[in-house]
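Below is one structure, written out as C-alpha cells, with a few remarks after it.
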Amino acid sequence: MTATDPPPWVLEALASARVARLGTVGRDGAVRMVPICFAVVDGWVVSAVDHKPKRTGQLARLDDIADRGQATVLVDHYDEDWTQLWWVRVRGRAEVLAPDAAATAAVDALVAKHEQYRVRRPSGVVYRIALDELRWWHWSGASPPV
C-alpha cells in the first residue's frame, strides 16, 4: 500500500527496526544492495559508514548516491509464522552529507538507537534518504506489526 500519511505501524516499524537494505544504482546500471544500520531523523532515513571492515574505503554506494541523488531502503521482518511478516520500502532523494549539523544529528540518532555505536561512534561519511515515497505490506487479517 502507499499513501501520504502512512498508518502508525509503518512509522513505528521504521523507528524500531534494527537493520535495513540500501539499494542504489551505479553509472553502469548495476543495482547494489547492502545491509545498513539506520535511524529516522526529520523525514529522512540516515546512516553512516562505520568501523566494520570494508573491502575498500571508496564505497560504491556513496558514489551512486552522489551521482544519482536517489536510493531505496527496504526494512522487513521475517518470521516462521507468516502472519507476522511485514515490509516497508522507502524511496527518495538521497545525499551524502557534509560534516555539519545535519550529519551530527544523524550520528546522534544512530548512537541513540544502536548500542554498538554508543561503544564506538560512527566517524565515517553520513548519508540520508528522504521518505519521499513509502510503500508497505503486512499479512492481511493480522494485527499490524510492532
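The values are calculated or read from the model by the stated rules, or taken from the named source; none is laboratory data. Note that the structure is a prediction, hence the values are computed from the model and not measured. FYI the Cβ positions are ideal-geometry reconstructions off the backbone, even for glycines, and counts take in every protein chain you see. Just the protein is used for accessible areas: all its heavy atoms, side chains included, with ligands, DNA and RNA removed. Shrake-Rupley method; radii C 1.70, N 1.55, O 1.52, S 1.80 Å.
If you count only protein heavy atoms and use a 1.4 Å probe, how large is the accessible surface of GLU133, to the nearest 10 Å²?
Surface accessible to solvent at GLU133 totals approximately 60 Å².
Tell me the accessible surface of ARG128 in square angstrom (1.4 angstrom probe, heavy atoms of protein chains only), to the nearest ten.
Surface accessible to solvent at ARG128 totals approximately 50 Å².
Ignoring ligands, DNA and RNA, what percent of the accessible area of region 1-106 is carbon or sulfur (1.4 Å)?
Details: 3360 of 6100 Å².
Percent of accessible area from carbon and sulfur atoms in region 1-106: 55.
Calculate the FRET efficiency for VAL119 and VAL96 from the Cβ-Cβ distance with a Förster distance of 25 Å, rounded to the nearest 0.05. Let's see the in-between values first.
Working: r = 25 Å, r/R0 = 1.00.
The computed FRET efficiency comes out at 0.50.
Percent relative contact order of the chain, based on C-alpha pairs within less than 8 angstrom and at least six residues apart?
Numbers: 284 pairs, mean separation 45.5, N = 146.
With pairs under 8 Å counted, the relative contact order is 31 percent.
Ordering GLU80, GLU95 by accessible area with a probe of 1.4 Å, largest first, what comes out?
On the way: GLU80 150, GLU95 65 Å².
If we order GLU80, GLU95 from most to least accessible, we get GLU80, GLU95.
Please report, in debye to the nearest 20, how large the charge dipole of region 16-146 is about its Cα centre when each Lys and Arg carries +1 at its beta carbon and each Asp and Glu carries -1 there.
Values: 18 positive and 16 negative charges, 73 e Å.
So the dipole magnitude of region 16-146 works out to roughly 360 debye.
Against the 2.2 N^0.38 Å scaling, with N counting residues, where does the chain land? I'd like the Cα-based Rg ratio to two decimal places.
Numbers: Rg = 15.4 Å, N = 146, 2.2 N^0.38 = 14.6 Å.
In units of the globular-protein estimate, the chain measures up at 1.05.
Using 0.36 nm times the number of residues separating TYR78 and SER140, minus their current alpha carbon distance, what extension gain do you get? Walk me through the numbers before you get to the answer.
Details: separation 62, 0.36 × 62 = 22.32 nm, distance 1.50 nm.
That pair, TYR78 and SER140, stretches by 20.8 nm at full extension.
For TYR117, TYR78, what's the largest-to-smallest order of accessible area, 1.4 Å probe?
On the way: TYR117 10, TYR78 130 Å².
Order by accessible area, largest first: TYR78, TYR117.
Any idea what the relative contact order of region 76-144 is, in percent, if you count C-alpha pairs under 8 Å spaced at least 6 apart?
Numbers: 88 pairs, mean separation 33.3, N = 69.
So the answer I get is 48 percent.
Set Lys and Arg Cβ to +1 and Asp and Glu Cβ to -1, take the dipole of region 80-146 about its Cα centre, and tell me which of GLN84, PRO145, LEU97 lies farthest positive.
Highest projection toward the positive end goes to LEU97.
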